[in-house]
Amino acid sequence: MKQHLPNAITCLNLFSGCIGVVLAFEGQLIDAGYAILIAAIFDFLDGLVARALKVSSPIGKELDSLADIVSFGFLPSVILFKLFNLSPAIADSGSWIKYTAFLVAICSALRLAKFNLDPRQNDVFFGLPTPACAIFILSLPHIAMSRNLIASEYVQNPVILIALTLTLSFLLVAELPLMSLKFSNFNFSTNLYRYLLLALSLILIIILQFTAIPLIIMLYLILSIFQFRNA
């Protein structure tokens, strides 16, 4: 029974992603974003449980990637697609540009396939992890519906949406070394950049809530660049 428990948790990740896709197509973008967060929790727990029970299998690794492509690839693309449709300039013209949103799903699939085959990515990531990309995107509906009119207008601007889509898609498949948030020990000097990221992220979330997420992802990229430049 315990051998199948991690896979059952992975299936809950996939189920959350499926529910999120339905919510997104129904226009409930905030709730679809919460489905991404729930999927991310299950994605964290399946690995944690597998290590705690000392059970792992090749099928578990493949199942995890298949679940992730729905929860952190296709679902974020659908949210982006719906955000494009909310922009009057796109919705009224019937422009094909809104379909660029699915570049995120394509690049997420490439990212996950590469991760499964790349032995370098045990202690370091190459390219933006798909959950980080998905969490970035889930923040956009919150910003679009926030009281911050300037930020809201930016998020609903089709040019900004296209720029974000292309940037995130590039970062997913880029040969850019980024820090892993897995702690092999709690030594301060070894984990300096991880502790900085966690502390600054907490401060930003307290002050800005969901609006802080894009800033946190940018901070993650910047700290990773400094970490590997100084390594």
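The values are calculated or read from the model by the stated rules, or taken from the named source; none is laboratory data. All values derive from a computational prediction rather than experimental measurement. Note: ideal-geometry Cβ built from the backbone for every residue, glycine included; neighbour counts use all protein chains shown.
Among residues that are closer than 26 Å to Gly33 by Cα, within 15 Å of the chain's Cα centre (by Cα) and outside any helix (DSSP H, G or I), Leu168 is not included. State yes or no: is Ile225 of a type outside the set (S, T, N, Q) and surrounded by 17 or more Cβ atoms within 10 Å (Cβ to Cβ)? No. In the range 220-227 there is at least one residue that is in contact with a strand residue (DSSP E or B) (Cβ under 6 Å, 6 or more places away or on another chain), part of a helix (DSSP H, G or I) and either modelled with pLDDT of 95 or more or not hydroxyl-bearing (Ser, Thr, Tyr) (or both).
Being of a type outside the set (Phe, Trp, Tyr), under 26 Å from Met179 (Cα atoms) and not in a loop (DSSP other than H, G, I, E, B) is true of Ala113. Scanning the range 186-199 finds one or more residues that are in contact (Cβ under 8 Å) with a residue 24 or more places away in the chain and within 18 Å of the chain's Cα centre (by Cα).
Could you go through the range 33-53 and let me know if any residue there is surrounded by 18 or more Cβ atoms within 10 Å (Cβ to Cβ), in contact (Cβ under 8 Å) with a residue 60 or more places away in the chain and acidic (Asp, Glu). The answer is yes; a qualifying residue exists.
Scanning the range 3-32 for residues that are of a type in the set (Phe, Trp, Tyr) and either within 19 Å of Phe102 (Cα to Cα) or touching a residue at least 60 places away in the same chain (Cβ under 8 Å) (or both) gives a single hit, Phe25.
Within the range 125-151, the set of residues being modelled with pLDDT of 85 or more and among the polar types (S, T, N, Q) comprises Thr130, Ser139. Summed over the range 171-185, the residues that are in a helix (DSSP H, G or I) and either without any contact (Cβ under 8 Å) to a residue 12 or more places away in the chain or of a type in the set (Phe, Trp, Tyr) (or both) give a count of 0.
Quick check on the range 149-159. Is at least one of its residues without any contact (Cβ under 8 Å) to a residue 12 or more places away in the chain, in a loop (DSSP other than H, G, I, E, B), more than 17 Å from the chain's Cα centre (by Cα) and surrounded by fewer than 22 Cβ atoms within 10 Å (Cβ to Cβ)?
For the range 149-159, residues without any contact (Cβ under 8 Å) to a residue 12 or more places away in the chain, in a loop (DSSP other than H, G, I, E, B), more than 17 Å from the chain's Cα centre (by Cα) and surrounded by fewer than 22 Cβ atoms within 10 Å (Cβ to Cβ): absent.
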